[in-house]
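Student: Pasting a structure here, questions to come.
The values are calculated or read from the model by the stated rules, or taken from the named source; none is laboratory data. All figures in this text were calculated on a predicted structure; none of them were measured in a lab. Note: ideal-geometry Cβ built from the backbone for every residue, glycine included; neighbour counts use all protein chains shown.
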Amino acid sequence: MPGAGGLLDVEQFPGGHSNLTYLLRYGSREFVMRRPPLGPVAPKAHDMAREHRVLNALWPVFPPAPRPYLLCEDTTVIGAPFYVMERRRGIVIRREWPRELGEAPATRRRISEAVVETMVALHAVDYAAIGLESLGRPEGFVERQIKGWVERWEQAKDREVPPLTEVAAWLTLRIPRSTAATLVHGDLKLDNTMLDPKDPGRVVAVLDWEMCTTGDPLVDLGQLLCYWAETGDPYPRSESVVQVTTLPGFLTRDEIVERYAAGTRRDVSRIAFYEVFALFKVAVVVQQIYIRWKRGQTKDERFAGMGARVEALAEAALTLAAKSGL
């Protein structure tokens, strides 16, 4: 790989509970490497070739997508498939508000708007024109998604969680008709965006493309809402998401929906369905992480207390479903 000569220095980036991300430094040249998590992984999950394919097609037409440089599927190199891409520099907002961004509510509003506008831009990409027409199967996408996530829950559960069973039934009875398909990132949220330090109202990168596919774009919007906390959220929900978006200036969830609808002209009248589905998915993902720890497949002690989060997310999803009127 050009620029990858000489001594190699490797550093793991913190954060994230799925694929592992590393900084590779060769003198003054820096790259980023992605590989699957340690231990057993679900079939078709953590597909490095798929993630590389998406970015390789997308970066020329969607500026926040980092450019990939190479894919290595030879597991004798580091023990797993991996790919290497360019390094982008910027600010990722996680659990704490970055001091360097100041306290102006107007800055937080611009960040909120930038995240929504980035989603709008992604959903406007002609995926067939860039060679991604076979990436997914848009027809019946939501139905397959719900069936698949219910199956994942059954495979990962170590106890009964009645609210989650109720939510699964509620979703199954309310699957919407197929809509015009777009690229779907699968996890486009605040901490999967990287902001320009000099102009935080500009997204310089979108991260974590492992779940990207083609299908109903409102799945992405529902996922963003799921992670977007706001003042007054009930306890189970507020304990299960990052709280930074409750600070003054951030858009509310209703304002996010309005801005997305204005930018795409899509019907968002059933968006509560997608938000409930997102909460359900996150509960299942948390259980998958927790059960890997419980079975001794990972030693990461961050995962030890995740069991209780599943119940909290299930309660939040059931409460939203009941209030939706759908």
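Student: Select, from Ala114, Ala124, Ala80, the only residue that is out of contact with any Leu (no Cβ under 8 Å at 6 or more places or on another chain), among the small types (Gly, Ala, Ser) and more than 20 Å from Leu20 (Cβ to Cβ).
Tutor: Ala124
Student: Of these, Arg35, Arg53, which one is out of contact with any Ser or Thr (no Cβ under 9 Å at 6 or more places or on another chain), over 23 Å from Trp228 (Cβ atoms), of a type in the set (D, E, K, R) and surrounded by 13 or more Cβ atoms within 10 Å (Cβ to Cβ)? Full working, then the answer.
Tutor: Working: Arg35 fails: out of contact with any Ser or Thr (no Cβ under 9 Å at 6 or more places or on another chain).
Residue meeting the stated conditions: Arg53.
Student: Would you please name the residue that is nearest to Arg202 (Cα to Cα), looking only at residues in the range 62-93 that are assigned to a loop (DSSP other than H, G, I, E, B) and touching an Asp or Glu at 6+ places or on another chain (Cβ under 8 Å)? Before you say what the answer is, go through the steps one by one.
Tutor: Our first condition is that a residue be assigned to a loop (DSSP other than H, G, I, E, B); within the range 62-93, this holds for 62-67, 73-81, 87-90, 92-93.
Pick out the ones that are also touching an Asp or Glu at 6+ places or on another chain (Cβ under 8 Å) and you get 66-67, 81, 87, 90, 92-93.
Details: Pro66: 15, Arg67: 18, Pro81: 32, Arg87: 17, Gly90: 10, Val92: 12, Ile93: 13 Å.
Top of the filtered list is Gly90.
Student: How many residues, within the range 173-207, are of a type in the set (Lys, Arg) and either in contact (Cβ under 8 Å) with a residue 12 or more places away in the chain or not assigned by TED's automatic domain parsing to the domain that holds Arg144 (or both)? Quick ask: steps written out before the conclusion?
Tutor: As a first pass, look at the range 173-207 and keep what is of a type in the set (Lys, Arg): 174, 177, 189, 198, 202.
From what's left, either in contact (Cβ under 8 Å) with a residue 12 or more places away in the chain or not assigned by TED's automatic domain parsing to the domain that holds Arg144 (or both): 174, 189, 202.
Adding up the residues that qualify gives 3.
Student: Right, something else. Any residue in the range 291-313 that is part of a helix (DSSP H, G or I), without any contact (Cβ under 8 Å) to a residue 24 or more places away in the chain, surrounded by fewer than 21 Cβ atoms within 10 Å (Cβ to Cβ) and aromatic (Phe, Trp, Tyr)?
Tutor: Yes: the range 291-313 contains one or more residues that are part of a helix (DSSP H, G or I), without any contact (Cβ under 8 Å) to a residue 24 or more places away in the chain, surrounded by fewer than 21 Cβ atoms within 10 Å (Cβ to Cβ) and aromatic (Phe, Trp, Tyr).
Student: Taking the options Arg259, Arg266, name whichever one is under 26 Å from Ala181 (Cα atoms) and either of a type in the set (Ser, Thr, Tyr) or not in a helix (DSSP H, G or I) (or both).
Tutor: Numbers: Arg259 fails: either of a type in the set (Ser, Thr, Tyr) or not in a helix (DSSP H, G or I) (or both).
The unique qualifying residue is Arg266.
Student: Something else now. Step by step: first the residues of the range 209-236, then only those that are of a type in the set (D, E, K, R) and crowded, with 20+ Cβ neighbours inside 10 Å, then the one that is nearest to the chain's Cα centre (by Cα). Which residue is that?
Tutor: First, the residues of the range 209-236 that are of a type in the set (D, E, K, R): 210, 216, 220, 230, 233.
Applying the additional criterion that residues be crowded, with 20+ Cβ neighbours inside 10 Å yields 216, 220.
Details: Asp216: 15, Asp220: 8 Å.
My answer is Asp220.
Student: Given the conditions (1) under 21 Å from Ser18 (Cα atoms); (2) free of Cβ contacts under 8 Å to residues at least 40 places away in the same chain, which single one is not true for Gly232?
Tutor: It is condition (1) that Gly232 fails.
Student: Kindly provide the set of residues from the range 275-290 that are surrounded by fewer than 24 Cβ atoms within 10 Å (Cβ to Cβ) and within 18 Å of Pro217 (Cα to Cα), ordered by number.
Tutor: Val282
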